[in-house]
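A short worksheet on the structure shown next.
The values are calculated or read from the model by the stated rules, or taken from the named source; none is laboratory data. Because the structure is predicted, anything quoted here is derived from the model rather than measured. Using ideal geometry, Cβ is built from the backbone for each residue, glycine included, and neighbour counts are taken over all protein chains shown. Each accessible area value is taken on the protein alone, full model and side chains, heavy atoms only, with ligands, DNA and RNA left out. Shrake-Rupley method; radii C 1.70, N 1.55, O 1.52, S 1.80 Å.
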Amino acid sequence: MPTTAIPVNAKLLPSPALRRFAWGVLAYFIAVILWGTLVRATGAGAGCGNHWPLCNGTVLQHSANVNTMIEFTHRITSGLSFFAVVGLLVWTFGGTVRGHLARAAAVASVVFTMIEATLGALLVKLGLTAQSQSPLRPAYLALHLTNTLLLLAALTLTAHLLSRRWGYMRGSVRLVAPFGALAGIVVVMAVGVTGSLAALGDTLFPATIRLI
């Protein structure tokens, strides 16, 4: 009876379904983040009042205005994202061998997601939304965006490591230029945070053109 030799490493690779799910979770998170920028741009952050996780103290919204619908949708999608990343963590641990680097990246994704939810709740409970000009708002916004970027990095790394056919085990990857990579990360985060603060300033204090 003829047989076909199967490389041993092929048995250690995650399933195609797990890899597709990881990339799908990343795409979903990007969509949630983009919807969050819509919340800020439209000033709908106070659409649910200072209630969290409920919206205006209720689950179902009756006669909701546009701002409430925008903010409520963001909360629902954000809540679903938490379950998605927990599912990714469980599946990654169940679908990979011990020592797979994707496991550590998946754990980091869950940690950053929990921090993200905590920061979002604080923004609402402290009233740092809509047209709030509190001096605390820029600091919370910078911290929130920094964590968002780290979350995206962790999710991207998880999906990438699950998709690799080699160089995915602990001890099999060596950083060639760690300081350069760290410097690049810091620069990207600094550009993102300062750009977000500039956008917030333009939202709260829109520039006016005076015709003479």
Residues (open to solvent by 60 Å² or more (accessible area, probe 1.4 Å) and assigned to a helix (DSSP H, G or I)) located in the range 156-177: L157, H160
Modelled with pLDDT of 70 or more and more than 30 Å from L161 (Cα to Cα) - does that describe any residue in the range 17-39? yes
Could you tell me whether the range 121-136 includes any residue that is in a helix (DSSP H, G or I) and either among the polar types (S, T, N, Q) or open to solvent by less than 20 Å² (accessible area, probe 1.4 Å) (or both)? yes
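Do we find that G99 is in contact with a Pro (Cβ under 7 Å, 6 or more places away or on another chain) and at pLDDT 85 or above in this structure?
Working: in contact with a Pro (Cβ under 7 Å, 6 or more places away or on another chain): no; at pLDDT 85 or above: yes.
It is false that G99 is in contact with a Pro (Cβ under 7 Å, 6 or more places away or on another chain) and at pLDDT 85 or above.
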Residue hits (the range 180-195; open to solvent by 80 Å² or more (accessible area, probe 1.4 Å) and either over 30 Å from V97 (Cα atoms) or not in a helix (DSSP H, G or I) (or both)) are V186, V187, V188, V191, T194
With of a type outside the set (A, V, I, L, M) and under 18 Å from H74 (Cβ atoms) as the only criterion, which of G167, G94, G99, G120 stands out? G120
Contact list please: Cβ distance under 8 Å, first residue in the range 12-26 and open to solvent by 40 Å² or more (accessible area, probe 1.4 Å), second residue of a type in the set (G, A, S), pairs at least six apart or on different chains. S15/G95; R19/A159; R19/S163; F21/G87; W23/A159; W23/S163
Verdict on L150 being open to solvent by 50 Å² or more (accessible area, probe 1.4 Å) and modelled with pLDDT of 75 or more: yes
